[in-house]
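Have a look at the structure below before the remarks.
The values are calculated or read from the model by the stated rules, or taken from the named source; none is laboratory data. Note that the coordinates shown come from a computational prediction; the quantities given were computed from them, not determined experimentally. Note: ideal-geometry Cβ built from the backbone for every residue, glycine included; neighbour counts use all protein chains shown. Just the protein is used for accessible areas: all its heavy atoms, side chains included, with ligands, DNA and RNA removed. Shrake-Rupley method; radii C 1.70, N 1.55, O 1.52, S 1.80 Å.
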Amino acid sequence: MINNNPIGLFDSGIGGTSIWKEIHQLLPNEDTIYLADSANAPYGQKTKEEIIQLSCKNTEFLLNQNCKIIVVACNTATTNAIKELRVKYDIPFIGIEPAIKPAALHSQTQKIGILATKGTLNSELFYKNVEQFQDIKIIEQIGFGLVELIENGKINSSEMTKLLKDYLNPMIASNIDYLVLGCSHYPFLISQIKKILPSNIKIIDSGEAVAKQTKKILNEKIGLREISQQSSQVFYSNSNTKVLSEILENKYQVIHKDF
């Protein structure tokens, strides 16, 4: 089954490029269109209604670009809006949720940490996921300020180091053996986080699982792109394009577009 239309992805900003990288690595022949709604970042402090409204706006932009599948490359948007998106639009959606299950199943200390946005941790979907693991102590921490620093290109700043230490040290003291990154921005902090965590604590994010699920749905229901020419990777941002370009190592053009 052949379908040459692009894969669409959206996030509240640049964080979802961590998901895009996994998808592009697994499906290098696919065209992709990535939408960074950085003008409205972060989503984590917004109401559910605001998140749904922004997610619909982003979806409609990608539908106008003839995308064949949409990856909601944002934990907050997935946990708050994907149910409504699936009802409203006739296109497959792939969501991204904190990878609590593999951490809970493999934890030896029966204690795991999760670093996520307020919007994700307060969502009904997150609560349902956590409810399945009554025997596991889950230490939740809202990552106040992290997305803003990442969006402003301050990944390796002293402010970032201080915040991460404030958030992670209580988890270390609680004897966690897994840290779940519950925001698509946070994989960009892994090298920083590894400097703080003891080596026995494993870090889990959702990128690889999302890429595999995207490939599965394309194979089974939609179709893959015909391998006839080099694939196209297009990036849009409604804010400063500089940080997104730098995250992509200046390998791709980033188009500024108000939407």
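Computed values, structure above
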{"read-out": "Residue in the range 203-219 that is modelled with pLDDT of 95 or more, over 16 Å from Ile23 (Cβ atoms), among the β-branched types (Val, Ile, Thr) and crowded, with 16+ Cβ neighbours inside 10 Å present", "value": "yes"}
{"read-out": "Out of Lys251, Lys162, sole residue that is more than 24 Å from Ile136 (Cβ to Cβ) and assigned to a helix (DSSP H, G or I)", "value": "Lys162"}
{"read-out": "Failed item in (1) within 20 Å of Ile190 (Cα to Cα); (2) part of a helix (DSSP H, G or I); (3) of a type in the set (Phe, Trp, Tyr), with Tyr127 passing the rest", "value": "(1)"}
{"read-out": "Residue list for the range 39-66, filter: of a type in the set (Ser, Thr, Tyr) and open to solvent by 20 Å² or more (accessible area, probe 1.4 Å)", "value": "Thr47"}
{"read-out": "Top-ranked residue in the range 84-101 [being in a helix (DSSP H, G or I) and without any contact (Cβ under 8 Å) to a residue 40 or more places away in the chain; ranked as farthest from Glu49 (Cα to Cα)]", "value": "Lys101"}
{"read-out": "Checklist (1) under 23 Å from Pro187 (Cα atoms); (2) under 16 Å from the mean Cα position of the chain (by Cα) applied to Thr59, failing item", "value": "(1)"}
{"read-out": "One residue from Ile139, Ile114, Ile82, Ile91 being aliphatic (A, V, I, L, M), farther than 23 Å from Gly44 by Cα and modelled with pLDDT of 95 or more", "value": "Ile91"}
{"read-out": "Lone qualifier among Ile14, Ile23, Ile33 - being open to solvent by 10 Å² or more (accessible area, probe 1.4 Å), β-branched (Val, Ile, Thr) and in contact (Cβ under 8 Å) with a residue 60 or more places away in the chain", "value": "Ile33"}
{"read-out": "Filter result for Ser239 (in contact with a strand residue (DSSP E or B) (Cβ under 9 Å, 6 or more places away or on another chain), assigned to a loop (DSSP other than H, G, I, E, B), of a type in the set (S, T, N, Q) and buried (at least 16 other Cβ atoms within 10 Å of the Cβ))", "value": "yes"}
{"read-out": "Matching entry among Ile70, Ile139, Ile112 (being aliphatic (A, V, I, L, M), open to solvent by 10 Å² or more (accessible area, probe 1.4 Å) and assigned to a strand (DSSP E or B))", "value": "Ile139"}
{"read-out": "Lone qualifier among Ile247, Ile155 - being without any contact (Cβ under 8 Å) to a residue 40 or more places away in the chain and open to solvent by 20 Å² or more (accessible area, probe 1.4 Å)", "value": "Ile155"}
{"read-out": "Count of the range 200-236 residues which are part of a loop (DSSP other than H, G, I, E, B) and farther than 13 Å from Glu30 by Cβ", "value": "4"}
{"read-out": "Unique match (being of a type outside the set (Val, Ile, Thr) and at negative phi) among Asn122, Asn66", "value": "Asn122"}
{"read-out": "Where Met171 falls short, out of the listed (1) touching a residue at least 40 places away in the same chain (Cβ under 8 Å); (2) closer than 26 Å to Lys21 by Cα", "value": "(2)"}
